[in-house]
Amino acid sequence: MKFKYQARTKEGEVQVGYVEAGTKEAAINILSGHELFLLSLESAEKIRWYDRLGGYLHGVKRKDLVIFTRQLATLLEARLPIKESLRTLYEQTSQPILREAVFHVIEDIDAGLSLSQAMERQGTVFSQFFVNMIQTAEVTGNLDEVVGFLADYTEKDSVLITKARSALIYPGIIIALFVVVAIIMITSVFPQLGPVFEQSNVELPAISRILIGSGKFISTWWLVIILFLFTLVIMALDYFRTEEGRAFLDDLKIRMPVVGKIYLPITIARVSNTASILLKGGVPVAQALEIVSNAIDNVLYRDFFREVADAVRQGETISQSLAKYPDYFPPLVSQMLAVGESTGRLDQIFTRLSTFYSREADNVINNVVDLIQPVLMIGIGIMVALLFASILLPLYQLTSSFR
């Protein structure tokens with residue numbers, strides 16, 4: 001197998017390359033034999049499409065990660081060393097994938113890697129945001145505070161997602177039943193009624209003609225349709241893993257009507273909290289912004305903050321730089337940061353921005369969740385009415401012609 005590695009030499013220089021080995025452990029031994037300090041190691045083999053699909057279907061449940069993060073925060077607040085805390089969690093964790101990931105993290109830390117580097121190698125379990133926040137904590141030296149924030153964040157995130165899922169269960173069942181009934185009617189009932197109406201010279205409404213034509217098309221090409229949709233999903237998943245695809249998806253999240261109102265405040269809250277932690281830890285502003293760009297999982301915001309960091313190094317203020325992107329940073333952000341820069345309390349302003357936009361995101365999510373069920377039920381009612389109208393209207397015209 002071929003592996004891509006990133007390592008440091010004895011002189012401290014970063015070295016990137018490829019190594020051939022039978023297993024990952026063998027590759028580590030080869031690199032260690034060349035006196036290289038390993039930073040990352042990943043397979044360079046071509047990933048098969050069904051392996052990619054499996055990666056989306058399997059993983060650690062959100063609930064397990066919430067429990068793990070909260071327990072880790074509690075142990076660190078009790079001033080236990082990080083390795084001892086992880087060993088304790090390894091003994092208590094029953095989820096096999098998470099347990100194995102914690103085991104490998106402990107091994108990597110024993111080998112000399114930092115906690116963020118060790119977690120980054122377990123990317124199927126720990127998100128990039130999680131890893132980047134740990135990296136931020138390592139820079140500032142307040143690991144317990146950052147892990148506490150991650151625990152609060154994952155718990156809040158889990159509560160909101162659980163609430164949204166609960167609100168969608170009943171409408172989801174109704175939608176699924178409606179889709180099944182609609183497919184049966186379109187593919188079985190409508191094609192049989194079509195010839196009857198044609199022989200009676202009954203003029204069909206537009207909706208009836210569309211549904212009858214759709215039924216004939218689906219009945220004839222159903223296998224091709226399934227293969228096309230399956231291929232389209234695989235291609236979309238692969239595209240969204242590329243840099244261009246991620247940028248397109250990240251921009252779409254901001255511009256979509258409902259999703260944007262949720263995603264934008266959540267992103268700003270994350271960014272503000274990270275910047276606040278870094279500035280409180282004494283990190284210079286430009287360096288803090290550079291770290292923030294690496295601590296966010298949005299490609300667009302990553303590029304924005306790198307440009308802002310360069311602008312700050314050249315003497316420009318943060319508020320002036322962020323004001324150039326009004327679609328991604330509301331005017332309130334640049335205005336409050338301008339106040340923080342003039343008063344010398346930039347870290348406190350970032351904390352307030354984080355609190356404000358966290359509450360705004362919660363309010364929007366709660367409102368959306370409350371509206372989901374009635375909106376979906378109204379939509380289903382309209383679709384059911386159209387479906388039955390497409391049958392009842394021609395039948396009414398047919399019976400009227402015999403009078």
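Against the list (1) surrounded by fewer than 21 Cβ atoms within 10 Å (Cβ to Cβ); (2) at negative phi; (3) out of contact with any helix residue (DSSP H, G or I) (no Cβ under 7 Å at 6 or more places or on another chain), the condition GLY141 fails is (2).
Go through THR274, THR267 for me and flag whichever is touching a helix residue (DSSP H, G or I) at 6+ places or on another chain (Cβ under 7 Å) and modelled with pLDDT under 85. Can you show your working first?
Working: THR267 fails: modelled with pLDDT under 85.
Going through THR274, THR267 in turn, the sole match is THR274.
Determine if the stretch 146-165 includes at least one residue that is over 23 Å from the mean Cα position of the chain (by Cα), in the same structural domain as VAL285 (by TED's automatic domain parsing) and not acidic (Asp, Glu). Looking for residues that are over 23 Å from the mean Cα position of the chain (by Cα), in the same structural domain as VAL285 (by TED's automatic domain parsing) and not acidic (Asp, Glu), one finds none in the stretch 146-165, hence no. Of the helices (runs of 4 or more DSSP H) lying entirely inside the stretch 55-158, those containing at least 1 residues that are within 23 Å of ASN298 (Cβ to Cβ), at pLDDT 80 or above and of a type in the set (D, E, K, R) span 115-120, 128-140.
Taking the criterion of being farther than 30 Å from GLU35 by Cβ and buried (at least 17 other Cβ atoms within 10 Å of the Cβ), the residues of the stretch 72-114 that qualify are LEU72, ALA73, LEU75, LEU76, SER85, LEU89, THR93, GLN95, LEU98, ARG99. Please indicate, with yes or no, whether at least one residue in the stretch 202-212 is over 30 Å from ASP370 (Cβ atoms) and modelled with pLDDT under 70. Yes, that holds for at least one residue. Looking at the stretch 270-281, is at least one residue within 16 Å of the chain's Cα centre (by Cα), of a type outside the set (S, T, N, Q), in the same structural domain as ASP362 (by TED's automatic domain parsing) and assigned to a helix (DSSP H, G or I)? Within the stretch 270-281, one or more residues are within 16 Å of the chain's Cα centre (by Cα), of a type outside the set (S, T, N, Q), in the same structural domain as ASP362 (by TED's automatic domain parsing) and assigned to a helix (DSSP H, G or I).
The values are calculated or read from the model by the stated rules, or taken from the named source; none is laboratory data. Because the structure is a prediction, the values reported are computed rather than measured. Here the Cβ is made from the backbone with ideal geometry for all residues, glycine too, and neighbour counts use every protein chain on show.
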